[in-house]
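The values are calculated or read from the model by the stated rules, or taken from the named source; none is laboratory data. As the structure is a computational prediction, the values presented were derived from the model and not from experiment. Here Cβ is always computed from backbone atoms with ideal geometry, including for glycine, and neighbour counts include all displayed protein chains.
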């Protein structure tokens, strides 16, 4: 009996050993992803930035997302910086790309914003990432590590990535809500992607599609209405983190497409009323 039991245990062990090694990650943004017919694919990042400092942060962000081998990983998604097709104030979407902009967008409570246009409920067709100089020009937020953290995060939201954490702790990923301000201003924690981010990208883009929404700049029509600096254009509040720093909004268009928008609120806006929709704080 003992021999039979040992044989059964050995067979169970061998069965589990034969299973493929699965990678676990859990911070996809819904099921949103770019449609494409092959991996890896390249997403164009439109540079509409107005200063050398912001341009260097975009260049670093692109390089970091293109360097999965740093963690012994591969990535299905690569980035390439191209000339922007918008103005910094309007930051209009361009089909098949992510447009990246900065501007003094006002004392509206948000530090960074990322929005994606969705067709068919899942496929990203275009995106924008915006950085608000009204706050980044203040002593609280004007340091290279905070700028890089927010740039890295907002651009990556347009890949289909969500946050690893929103409680303020550092996962040493730009997809968390650690704040590189105050006593942490000199810290380089959470300014780049980590291995978990690349694991998640591989899960999101494990399957292929029959069509592509990447870099099809003339093949796709503009959305029925665009996301602008007017917070009413973001649609309804879908969710908000417990500490009030992260909100997600959804808007449906008459053509059946959707706009999904992540807003990264300042520490001040969040502290004022964590449970409030900060669009209406003032």
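Here are the numbers for the structure shown:
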| read-out | value |
| --- | --- |
| Among (1) modelled with pLDDT of 95 or more; (2) exposed (fewer than 15 other Cβ atoms within 10 Å of the Cβ); (3) touching a helix residue (DSSP H, G or I) at 6+ places or on another chain (Cβ under 9 Å) - the single one residue 23 does not satisfy | (1) |
| One residue from 219, 242, 186, 259 being at pLDDT 95 or above and either farther than 20 Å from residue 31 by Cα or in a loop (DSSP other than H, G, I, E, B) (or both) | 186 |
| Some residue of the range 65-74 being within 19 Å of the chain's Cα centre (by Cα), surrounded by fewer than 15 Cβ atoms within 10 Å (Cβ to Cβ), without any contact (Cβ under 8 Å) to a residue 24 or more places away in the chain and in a helix (DSSP H, G or I) | no |
| Within the range 53-63, considering residues that are surrounded by fewer than 21 Cβ atoms within 10 Å (Cβ to Cβ) and either within 16 Å of the chain's Cα centre (by Cα) or without any contact (Cβ under 8 Å) to a residue 40 or more places away in the chain (or both), the one nearest to residue 201 (Cα to Cα) | 63 |
| Index of the failed condition, residue 61 passing every other in (1) touching a helix residue (DSSP H, G or I) at 6+ places or on another chain (Cβ under 8 Å); (2) at pLDDT below 95 | (2) |
| Conditions (1) under 25 Å from residue 250 (Cα atoms); (2) exposed (fewer than 15 other Cβ atoms within 10 Å of the Cβ); (3) in contact (Cβ under 8 Å) with a residue 12 or more places away in the chain: number failed by residue 38 | (1) |
| Which listed residue is in contact with a strand residue (DSSP E or B) (Cβ under 7 Å, 6 or more places away or on another chain), without any contact (Cβ under 8 Å) to a residue 40 or more places away in the chain and over 15 Å from residue 79 (Cβ atoms), from 132, 102, 142 | 132 |
| In the range 75-115, the residues that are part of a strand (DSSP E or B), surrounded by fewer than 19 Cβ atoms within 10 Å (Cβ to Cβ) and out of contact with any helix residue (DSSP H, G or I) (no Cβ under 8 Å at 6 or more places or on another chain) | 82, 83 |
| Those residues of the range 29-43 which are modelled with pLDDT of 95 or more and within 19 Å of residue 153 (Cβ to Cβ), in sequence order | 32, 33, 34, 43 |
| Condition check for residue 151: more than 13 Å from the chain's Cα centre (by Cα) and crowded, with 23+ Cβ neighbours inside 10 Å | no |
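Condition check ((1) exposed (fewer than 15 other Cβ atoms within 10 Å of the Cβ); (2) within 30 Å of residue 52 (Cβ to Cβ); (3) under 17 Å from the mean Cα position of the chain (by Cα)) across all residues:
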residue	(1), (2), (3)
127	no, yes, yes
160	no, yes, yes
188	yes, yes, no
206	yes, no, no
213	no, no, no
240	no, no, yes
